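> Sharing a structure here in structure tokens format.
Derivation of every value follows stated rules applied to the coordinates shown; laboratory data play no part. Computed from a prediction, not measured in an experiment: that's the story for all the values here. With ideal geometry, Cβ positions are generated from the backbone for all residues, glycine too; neighbour counts draw on all protein chains shown.
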């Protein structure tokens with residue numbers, strides 16, 4: 001249908017698309033079927049109240065019927081049609097498509113935008129990988145170290161009667177180069193992590209929400225001051241929430257933050273947290289709230305020299321990390337499975353039972369880990385309960401008792417002889 | 001066939017490994033560890049083969065090769081380039097400047113030795 005199509009034709013087209021009889025639409029509009037027939041064949045002009053009435057019956061608006069589909073959508077569809085030249089599209093019927101299937105048209109445009117965005121990301125990454133000076137330097141270091149190790153170890157293997165001095169020198173060289181390789185590999189892994197964050201944006205809504213909180217140190221002043229009313233402004237201003245699903249998820253999380261802030265206002269809660277030694281059970285009892293609320297509220301306290309480092313991790317029953325606020329001295333994995341020795345996972349085995357455990361991170365820092373798992377939502381005899389666990393990490397001094405040694409995730413954990421190890425570490429290991 | 005090699009390389013542990021291999025194979029190895037002054041070092045040493053790293057402090061191996069081929073050294077002086085950058089464009093650049101052999105790190109000791117021997121005897125390198 002060309003864009004110059006007349007209002008009557010659009011009415012007819014939409015009516016047919018909705019499977020509505022001419023007589024029924026006429027009756028709804030309070031006119032005769034024969035008069036509607038004349039309108040639909042563009043032999044009578046239509047406007048004003050009657051057009052509004054017919055538009056309402058056709059579940060659209062009068063402007064769409066009188067002026068056709070949204071020009072911006074049509075232009076965007078034309079751009080989508082030009083992507084991937086192999087597929088023939090009925091470009092001359094774009095307006096008809098938009099008019100009949102506005103939701104599908106919008107979806108197609110949205111996906112076209114997304115494809116374009118992903119292609120840009122891919123080009124950017126490709127460019128980065130080819131020209132990134134840091135990556136190039138690290139790759140040179142890795143290959144240099146590998147070349148030295150390969151040549152030296154071959155010499156040792158192929159020369160069994162090598163002079164003892166040379167053997168000692170070559171052993172020392174292999175040791176030096178293997179350390180260099182380990183350090184460079186770790187630096188490359190960290191660089192890739194940064195690249196992914198910088199260039200690809202956030203692949204999931206969960207990541208976008210996590211990035212939003214990380215950037216603000218997990219403390220949102222606007223909500224502390226204005227409560228729920230600040231959320232719309234925060235969502236509009238945040239660069240992280242490009243997709244509707246990320247925005248939706250952020251709204252849920254920020255609303256929960258606002259509820260927590262209302263239940264436990266910052267100043268009195270900060271005072272009691274300090275007075276009660278940052279003990280979440282004591283705080284829950286003092287303020288009459290559940291443990292999860294106290295965990296979340298403690299994790300959103302602003303950093304302060306007089307306050308211990310506080311971190312928080314939550315997961316579902318499958319162990320998937322839902323929220324992570326890493327405290328200084330304890331890396332929490334951004335991707336992949338976490339260390340199975342975390343008390344968080346022990347809590348999942350006994351829902352409702354609070355657990356307190358002293359732990360030491362692979363970076364050497366000590367934390368008191370408070371963990372609890374609880375059912376989420378309404379309980380039912382006919383449904384499997386949804387269980388979520390949370391682990392609050394409060395920095396501790398060097399303890400008198402033996403802590404449980406935990407890591408971040410196996411790939412970057414240097415602990416040797418760990419019974420829970422799933423895969424080798426890329427770091428040099430320690431005992 | 002002569003028996004001297006000038007190794008232009010800055011990685012100490014690679015220098016040690018290559019020197020050991022070449023000396024065990026009967027070569028006299030001289031060393032220059034940076035890009036600056038490498039062309040002069042070639043003129044002074046007058047080697048039978050040059051083993052030249054690409055990424056050197058001060059000056060790239062490509063620049064050094066180009067200057068050598070522009071008359072700073074005998075036109076038939078064999079130059080074997082060693083590089084961690086094995087991309088096609090690097091190899092093409094080296095070939096356009098007149099490299100005799102091109103090996104990417106990590107390399108096998110046997111291939112490296114065979115290539116040096118081939119170049120010294122004026123044969124096309126079989127190892128690179």
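> So, in nm, how far is label residue A:190 from label residue A:61 when the simple model puts each one 7 Å beyond its Cα toward the Cβ?
Each label point is offset 7 Å from its Cα along the Cβ direction, giving 5.3 nm.
> I've got another one for you. Take peptide A:154-162, look around each residue's Cβ out to 10 angstrom, count Cβ atoms belonging to other protein chains, and average those counts.
On the way: counts 6, 6, 0, 0, 4, 3, 0, 0, 2.
The shielding value for this peptide is 2.
> For residue A:307, put the label point 7 Å out on the Cα→Cβ axis and report which residues of region A:318-354 keep their amide N under 12 Å from it.
none
> Could you tell me the largest-minus-smallest coordinate of the C-alpha atoms of region A:304-431 on each of the three principal axes, in descending order and whole angstroms?
If we take the Cα atoms of region A:304-431, the spans are 50, 38, 25 Å.
> At 4 °C and 1.567 mPa s, grab the translational diffusion coefficient of region A:16-171 from Stokes-Einstein with a Kirkwood Rh over Cα pairs, rounded to a whole number in µm² per second. Before the final figure, lay out the partial values.
Values: Rh = 22.2 Å.
Estimated via Stokes-Einstein, D reaches 58 µm²/s.
> Based on alpha-carbon centroids, what's the gap between region B:56-128 and region A:108-122 in Å, whole number please?
45 Å
> Right, another one. Output the 0 to 90 degree angle, nearest 10, between the alpha-carbon long axis of helix A:164-200 and the longest principal axis computed from the alpha carbons of chain A.
Compared with the principal axis, the helix lies near 20 degrees.
> Please work out whether the protein assembly as shown counts as rounded, prolate or oblate from its C-alpha gyration tensor, where a ≥ b ≥ c are the square roots of the eigenvalues and a/c under 1.5 means rounded, while otherwise a/b larger than b/c means prolate and anything else oblate? It would help to have the intermediate numbers written out before the result.
Working: a/c = 3.50, a/b = 1.46, b/c = 2.39.
Because a/c hits 1.5 or more and a/b fails to exceed b/c, the protein assembly as shown counts as oblate.
> Quantify how strongly other chains surround peptide B:101-114 by giving the mean number of their Cβ atoms within 10 Å of each of its Cβ atoms. Spell out each step's value before the answer.
Numbers: counts 0, 0, 1, 2, 10, 11, 3, 3, 7, 2, 0, 2, 0, 0.
Mean inter-chain Cβ contacts per residue within 10 Å come to 3.
> A follow-up question, please. So for each of A:253-263, A:236-246 I average, over its residues, the number of other beta carbons within 10 Å; can you give me the resulting order with the highest mean first? Mind showing how you got there, number by number?
On the way: A:253-263: 17.8, A:236-246: 15.0.
Highest to lowest by the protection proxy: A:253-263, A:236-246.
> If I model a spin label as a point 7 Å beyond the Cα along the Cα-Cβ vector, how far apart are those points for residue A:251 and residue A:158 in nm?
6.9 nm
> To the nearest 10 degrees, how steeply does helix A:133-158 sit against the main Cα axis of chain A, on a 0 to 90 scale?
40 degrees
> Take every DSSP beta bridge whose two residues both sit in the protein assembly as shown, then give the antiparallel share in percent to the nearest 5. Working shown, then result.
Values: 28 of 48 bridges.
Here the share of antiparallel DSSP bridges comes out near 60 percent.
> At 0.36 nm per residue, minus the direct Cα-Cα distance, what do residue A:215 and residue A:34 gain on full extension? Give it in nm, one decimal, please. Intermediate values should be presented prior to the final figure.
Details: separation 181, 0.36 × 181 = 65.16 nm, distance 6.47 nm.
Going from the current span to full extension adds 58.7 nm.
> Something else about it: Using the Cα gyration tensor of region A:207-360, with a ≥ b ≥ c the square roots of its eigenvalues, what is the shape: rounded (a/c below 1.5), prolate (a/b larger than b/c) or oblate (neither)? Don't skip to the end; give the middle numbers.
Working: a/c = 1.66, a/b = 1.13, b/c = 1.47.
Here region A:207-360 falls in the oblate category.
> Hey, another quick one. What ranking, highest mean first, results for peptides A:337-345, A:225-233, A:370-378 when packing means the other Cβ atoms within 10 Å averaged over each residue?
Numbers: A:337-345: 21.0, A:225-233: 14.1, A:370-378: 18.3.
Final packing ranking: A:337-345, A:370-378, A:225-233.
> How high is the relative contact order of chain B, given as a whole-number percent (alpha carbon pairs under 8 Å, six or more residues apart)?
It rounds to 22 percent for chain B.
> Averaged over every viewing direction, what's the projected area of the C-alpha convex hull for chain B? Give it in nm², one decimal, please. Intermediate values should be presented prior to the final figure.
Values: hull surface 26.5 nm².
Mean projected area of the Cα convex hull: 6.6 nm².
> Quick one: if the Förster radius is 51 Å, what FRET efficiency do residue A:106 and residue A:397 give, using the C-beta to C-beta distance and rounding to 0.05? Don't skip to the end; give the middle numbers.
On the way: r = 57 Å, r/R0 = 1.13.
That pair, residue A:106 with residue A:397, gives E of 0.35.
> Right, another one. On C-alpha positions alone, give me the angle between the axis of helix A:102-131 and the longest principal axis of chain A, in degrees, nearest 10.
For A:102-131 against chain A, the angle is about 30 degrees.
> Pick from A:126, A:37, A:417: which residue has the top mean-square fluctuation in a GNM of chain A where Cα pairs under 10 Å get a spring?
In this elastic network of chain A, the residue with the biggest mean-square fluctuation among A:126, A:37, A:417 is A:37.
> Given 25 °C and 0.890 mPa s, how large is the Stokes-Einstein diffusion coefficient of region A:215-263 in µm²/s, with Rh as the Kirkwood radius over Cα pairs?
Values: Rh = 10.9 Å.
D = 225 µm²/s.
> Which order results if A:387, A:11, A:220 are arranged by neighbouring Cβ count within 10 Å, fewest first?
Values: A:387 17, A:11 26, A:220 20.
Fewest-to-most ranking of A:387, A:11, A:220: A:387, A:220, A:11.
> Restricting to Cα pairs below 8 Å that are 6+ residues apart, what does the relative contact order work out to for region B:56-128? Please round to a whole percent. All intermediate terms of the calculation are to be shown ahead of the outcome.
Working: 80 pairs, mean separation 20.4, N = 73.
Dividing the mean separation by the residue count of region B:56-128 yields 28 percent.
> If you count, for every residue in B:44-53, the Cβ atoms of partner chains within 10 Å of its Cβ, what is the mean? Don't jump to the answer; show the numbers that get you there.
Numbers: counts 0, 0, 0, 0, 0, 0, 0, 0, 0, 1.
Across B:44-53, the average partner-chain Cβ count within 10 Å equals 0.
> Let me know the shape class of region A:167-294, please: from the alpha-carbon gyration tensor, a ≥ b ≥ c as square roots of the eigenvalues, rounded when a/c is under 1.5, otherwise prolate if a/b is greater than b/c, or oblate.
Numbers: a/c = 4.00, a/b = 1.70, b/c = 2.35.
It comes out oblate by the Cα gyration axes.
> Using alpha carbon centroids, what distance separates region A:366-431 and region B:4-41, in Å?
First find each Cα centre; the distance between them is then 52 Å.
> Ok, one more. Using the beta-carbon distance between residue A:356 and residue A:237 and R0 = 41 Å, what value does 1/(1 + (r/R0)^6) give for FRET efficiency, to the nearest 0.05? Can you show the working numbers first?
Working: r = 39 Å, r/R0 = 0.95.
The value I calculate is 0.55.
> I would also like to ask the following. Would you order A:162, A:149 from fewest to most other beta-carbon atoms within 10 Å of each residue's own beta-carbon? Walk me through the numbers on the way to the answer.
Values: A:162 16, A:149 22.
Listed from fewest to most nearby Cβ atoms, that is A:162, A:149.
> Relative contact order for region A:132-200 using alpha-carbon pairs under 8 Å, separation at least 6, rounded to a whole percent?
Values: 31 pairs, mean separation 32.0, N = 69.
46 percent.
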